[in-house]
1. Scan B:85, B:122 and give me the residue that is touching a strand residue (DSSP E or B) at 6+ places or on another chain (Cβ under 9 Å), surrounded by 16 or more Cβ atoms within 10 Å (Cβ to Cβ), outside any helix (DSSP H, G or I) and modelled with pLDDT under 75.
2. On the basis of being in the same structural domain as residue B:223 (by TED's automatic domain parsing), surrounded by 21 or more Cβ atoms within 10 Å (Cβ to Cβ) and touching a residue at least 60 places away in the same chain (Cβ under 8 Å), does residue B:295 make the cut?
3. Given A:195, A:190, which one is more than 11 Å from the chain's Cα centre (by Cα), more than 9 Å from chain B (Cβ to nearest Cβ), farther than 29 Å from residue B:367 by Cα and part of a helix (DSSP H, G or I)?
4. Please note which strands (runs of 3 or more DSSP E) are completely contained in the range A:101-185 and include at least 3 residues that are within 13 Å of chain B (Cβ to nearest Cβ) and out of contact with any helix residue (DSSP H, G or I) (no Cβ under 7 Å at 6 or more places or on another chain).
5. Which one is modelled with the lowest pLDDT among residues in the range B:459-475 that are surrounded by 12 or more Cβ atoms within 10 Å (Cβ to Cβ) and over 34 Å from the mean Cα position of the chain (by Cα)?
6. Give the residue that is modelled with the highest pLDDT, with candidates limited to residues of the range B:476-493 that are assigned to a loop (DSSP other than H, G, I, E, B) and loosely packed, with under 14 Cβ neighbours inside 10 Å.
7. For the range B:125-147, which residues satisfy the criterion of being assigned to a loop (DSSP other than H, G, I, E, B) and modelled with pLDDT of 75 or more?
8. List the number of the failed condition for residue B:368; all other conditions in (1) in contact (Cβ under 8 Å) with a residue 40 or more places away in the chain; (2) within 15 Å of residue B:390 (Cβ to Cβ); (3) away from every other protein chain (no Cβ under 14 Å) hold.
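The values are calculated or read from the model by the stated rules, or taken from the named source; none is laboratory data. What you see is a predicted model, and the numbers here were worked out from it, not measured in a lab. So basically every Cβ, Gly included, is an ideal-geometry build from the backbone, and we count neighbours across all protein chains shown.
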């Protein structure tokens, strides 16, 4: 049994060491940008650019949207402006939802003791961001913004990292039918509304976008 | 032929002497109808309770929509229309176009009720009467992939044999598996993945599901999970045009699920995939499964697995696909999901015990949502495939946890198992299932506390690999008669009824 315990401990040490190595690499690439990021605001965008978290994608970019300036409802209204619903029945999917209190995403394992119930809720979105290294983004946020409570939005089936690091995520597929990758107008309306509903559901205060799109809908 | 389901409203003015009720009672006693009554006065309930084929609800325990949902017709026997509750039910019945026969018509012609009943279109029973439309297959998160795999099996069979359009809504992180098989799938955050109470989570679940129902417009929601979320059944309770089916396997531990009798009453159909270890099942589902108020019903189907014996690769094909020596011995360790700490420790012990069998080629099944890396065990070859059961026949023995799906897939493949029951699943008595499977001759059971002796069981299993007994519904069962296909047919019957109703609006 002692031997088993020892092996198990070694395995966990190895996992922890792998994380430490990743962070060390990030830190080396951070340099001055990390200091700027700790001051918050738009410096974060520069930080992630410095980190080169978005590699390869020609249209990939990181942006930050202050959700207090653009409310989730506004996002939907803007998105739906000029789009006529097919019928009265299709006018609304989520817009009349009246959530009493928002839900709270998990704190994450890395900064568990530093995240409180008053921590800022940030939506971290990966729309059209296939090439992002999720482990690096999760750890970079943990290192540079230890007190935020992120809720991740993704369109990928690759979600193991969120479980490993104890984070909550939502999944917003870009198209309804995996056999037909062209999103219909009805699906676009639906998923846009759902995105806005989920921002309200989690009480999101700020949105950080990684990837080629700032909405879950885009043409592949 | 199915019996028509007739609604009866028995409020203050109701009398057992009423001619309309007496005509209905005659049909009831003749077994020609099933009656669903709504009563206000408790005295009425106790008087009516003596009738067979009759279920009764008090007005404060069911909404008007929910009361009306399974009805084929409504009988108004007395002056109930003057009361507010009855008016609400009648208005709802008129909105959903439920056929109604009134007191005057029955008074004018004693045979009117019988003719009315004969004229009613009934949806359940016999062949599926019409297209079942879109069905939402929803699952809880669960410890492993059991709920999702069963739903996939039923949904795919439903599409193939009964024209169901399946859409999956899951709380499992393995939604990618569903989309990889070509099905639409959405993800819901499970309660343990938020820092909120069950009540708060259920409120949001209802909001989110409302939007999902509006988009997909399903005729029926099929839920597979141990606890039917109140956010789901309260939402469906308000809808007369959407059916609710609960797929619920047995083997619950003592003390679990004390409220299921209450929640199952919200379902049109309670489906139980049978368990070969049923003889050892003393849980609450065994005691409560027959307590469904007619016409709502309980049905048991054969074991539901995503892959049947007829579609599994045979030993030669499977070994060829995996590159295993056709004459050598091989073992698969497939312990599924669960607590990472326990799992890593268990794999560690099993892996080390295999050192005593250097001639055996060992594989490690890696679940699609595993949070651990197979690289920690260099002596094991990682096998990532869904469903893994397709390759079971390549192995001489499979070492597995005692979850429902893997156990029944193994039995179908006739490959001996070594079962390591885990106590991680609060809603599953794995220890009893493993012991019963061992008693039936499908394999061996090794408890966690005896894990140090597993090499003994491995040696015995490898030596006696050919003695595994066939499962009762064996390979002679055609694909359309599997547990999944039979479950799909029952669901299609419910869905068809609601799809017809939606079409009429």
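1. Working: B:85 fails: outside any helix (DSSP H, G or I).
Step by step, each of B:85, B:122 is checked, and only B:122 is touching a strand residue (DSSP E or B) at 6+ places or on another chain (Cβ under 9 Å), surrounded by 16 or more Cβ atoms within 10 Å (Cβ to Cβ), outside any helix (DSSP H, G or I) and modelled with pLDDT under 75.
2. Numbers: in the same structural domain as residue B:223 (by TED's automatic domain parsing): yes; surrounded by 21 or more Cβ atoms within 10 Å (Cβ to Cβ): yes; touching a residue at least 60 places away in the same chain (Cβ under 8 Å): yes.
Yes: the conditions hold for residue B:295.
3. Values: A:190 fails: more than 9 Å from chain B (Cβ to nearest Cβ).
A:195 is the lone residue from the list that is more than 11 Å from the chain's Cα centre (by Cα), more than 9 Å from chain B (Cβ to nearest Cβ), farther than 29 Å from residue B:367 by Cα and part of a helix (DSSP H, G or I).
4. Working: elements: A:121-126, A:149-154, A:168-171.
Strands (runs of 3 or more DSSP E) meeting the threshold: A:149-154.
5. Among them, the one singled out is B:464.
6. To start, the set of residues in the range B:476-493 that are assigned to a loop (DSSP other than H, G, I, E, B) comprises B:476-478, B:482.
Checking which are loosely packed, with under 14 Cβ neighbours inside 10 Å leaves us with B:476, B:478.
Working: B:476: 43, B:478: 56.
Among residues in the range B:476-493 that are assigned to a loop (DSSP other than H, G, I, E, B) and loosely packed, with under 14 Cβ neighbours inside 10 Å, the one modelled with the highest pLDDT is B:478.
7. Going residue by residue through the range B:125-147, those that are assigned to a loop (DSSP other than H, G, I, E, B) are B:125-133, B:140-145.
Across the range B:125-147, the qualifying residues are B:130, B:131, B:132, B:133, B:140, B:141, B:144, B:145.
8. Going through (1) in contact (Cβ under 8 Å) with a residue 40 or more places away in the chain; (2) within 15 Å of residue B:390 (Cβ to Cβ); (3) away from every other protein chain (no Cβ under 14 Å) one by one, residue B:368 breaks only (3).
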